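Worksheet: the structure to be examined is printed underneath.
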Amino acid sequence: MSRRKSRSTGAVFGIDLGTTYSCLATVNTAGAPEVVPLLDGSLTLPSVVLFLGADDCMTGEPARAQSRSRPDDVCSLVKRRMGDGDWRFVSHGRSWSAPAVSSLILKALVNDTAFHAPGQVQDVVITVPAYFGDEERRATKLAGEYAGLTVLDVISEPIAAALAYGFARLDPGLVKGPSEEVALVYDLGGGTFDVTVVELAERRVAVVAIDGDHELGGADWDEKLAVHLSHAFTAAHPDAEDPLDDSAGSQALVLAAERAKRELSEKTSTVVRVEHDGHTVDVPLRRDDLERLTGGLLDRTVQLTRSAVAAARERGLGRIDRVLLVGGASRMPAVAARLTKELGVTAELADPDLAVAKGAAVYGEKKAIERLVHADLTTRGQLADGAPLDAASAADFDAACARLAEALGLTTERVRRTAQVQVLNVCSRGFGVMALSGRTGEPEAVFLVHRNDRLPVAVRRSFGTVHDDQQVVTVRIVEQGGGAESEHLDDNKVVAEASIIDIPPGYPAGSEISIGLRMGFDGILELHAWHEGLADKPLTVHVETSAALSQTDVARERAQVARVRRRDS
């Protein structure tokens, strides 16, 4: 077998950095997205790290297989910790933040796909749950940087899934059915859940509404089933230790529960053998047992689905044409049956494990082609540096696409349509500032950006100073903490703080403070603040949230990740 030759596109790869499994994808020479296999031929890498020593780790399936024997040194489900700046995994005297652990998974994924990848994996697009806020997105980008990758963008997983589904629409000859559809993407992964309503058109994927819970996923089904198996074991052997009271026993029970869940997605019954503390019991399980035990979890996803559909209806979309199921846990038959009944549309299982990575690769090719067309136009003086592609004249744009198509061996139409396709997203959370209430005089959250606002969004609002001759104004940015906006500070999260300083004297209380918030397509926030006495010196902050480590911590963790030796064989 020989390694495939690299395409000279400046390729941008797509990565699904999943809670339980991760994979990497590219777009092949025929224009179709495909997942790049690992060395052993498998398509997904378990998102598990086993720390063997201070500078040694094992990743993927070998780490997962040995997790039972060394449970205290195994880190899994780390994606649920993204954005938690205080969380650390401690092993062999070293502490690891969520971005640092995730970077080891990314490095393993890149290394294991290197043989089959069409060129070096350097520039990437990484997917995140749609419900991830600013902190989680920044932590994801930091993980990629720790891994030595250039993260050109982060894209929401349901958008990626919709791109994978709608990729053929880049070729109008392959479009089937109506030219525009409204799709609901139900993404139940291993550790996160998102539901997104999107409009799919020939050259546009537009998000209309999102909802979700990044602490709800297939792992919760496993946990419910593990508790049931534990009860069955202790009932059969009342004098034996409960497997859930032992780290190794708990790990083994969760793995057995996951296997049983997968089996029950394919057949109606199975038998699970539980071995612990010198005792064994065979536990028969039926599919309806699993559905009864986990019915509350499925109900929660349906509640969030209703919320997203209602939000889309408020924005003028009263219909759902397609229901797309992605994420490995969506394979459970109860999911499709419940959604079909709920929405009156047959739910389709759309390549659940790989669709997100494939869609990220589609978006990655779009980024690569956009970059090359932009470079061609700016080099020729036909487009200002930093200006969008649509600022170029139609003739210049078409000529640049033709030149690029010839260089890459693609059709001009494919290059043009790929560059022109629009991906329109919405804000996943509400953002605002802390201000004193005019009614009570107490601090409260005032939201400027709201969940499901179309991106990019830029808003500006005026506030007033509190005291005469106020020399410093501190601006605190808050992020919506729950499913609905609340003015109560305890219901929200302060994600950034910055101050306007050296305000000259002579300005009375109530002097204007203008606050501007801007969020781009990547969902990352920027703050601008002005005092009328410093109108020519605005405060500008690219928000550093609590997920962002100090510069000292970043340098330390970057060096720590670089020192780690990977031993998976």
Restricting the search to segment 360-412, which residues are more than 15 Å from residue 27 (Cα to Cα) and touching a residue at least 60 places away in the same chain (Cβ under 8 Å)?
371, 372, 407
May I ask you to list the residues in segment 433-477 that are exposed (fewer than 15 other Cβ atoms within 10 Å of the Cβ) and acidic (Asp, Glu)?
442, 468, 469
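It is to be established whether one or more residues within segment 478-488 are surrounded by 14 or more Cβ atoms within 10 Å (Cβ to Cβ) and touching a Pro at 6+ places or on another chain (Cβ under 9 Å).
Initially, segment 478-488 is screened for residues surrounded by 14 or more Cβ atoms within 10 Å (Cβ to Cβ), giving 478-481, 483, 485-487.
Narrowing the set further to residues that are touching a Pro at 6+ places or on another chain (Cβ under 9 Å) leaves none.
Within segment 478-488, not a single residue is surrounded by 14 or more Cβ atoms within 10 Å (Cβ to Cβ) and touching a Pro at 6+ places or on another chain (Cβ under 9 Å).
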Qualifying residue in segment 404-421 (condition: closer than 24 Å to residue 162 by Cα, under 22 Å from the mean Cα position of the chain (by Cα) and not hydrophobic (A, V, I, L, M, F, W, C))
no
Across segment 515-549, which residue is surrounded by the most Cβ atoms within 10 Å (Cβ to Cβ) among those that are over 22 Å from the mean Cα position of the chain (by Cα) and at pLDDT below 65?
539
What are the pairs, 6+ residues apart or on separate chains, where a residue within segment 117-133 that is on the phi > 0 side of the Ramachandran plot has its Cβ under 9 Å from a residue that is hydrophobic (A, V, I, L, M, F, W, C)?
119/11; 119/13
Scan segment 375-402 residue by residue and report those that are touching a Ser or Thr at 6+ places or on another chain (Cβ under 9 Å) and part of a helix (DSSP H, G or I).
398, 401, 402
Could you please find all residues in segment 20-35 being in a loop (DSSP other than H, G, I, E, B), surrounded by fewer than 24 Cβ atoms within 10 Å (Cβ to Cβ) and on the phi < 0 side of the Ramachandran plot?
28, 29, 30, 32
Test each condition in (1) closer than 30 Å to residue 229 by Cα; (2) touching a residue at least 60 places away in the same chain (Cβ under 8 Å); (3) assigned to a helix (DSSP H, G or I) for residue 338 and report the one that comes out false.
(2)
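The values are calculated or read from the model by the stated rules, or taken from the named source; none is laboratory data. Predicted model only: the values in this text are computed from it and were never measured. Positions of Cβ are backbone-derived with ideal geometry, glycine not excepted, and every protein chain shown enters the neighbour counts.
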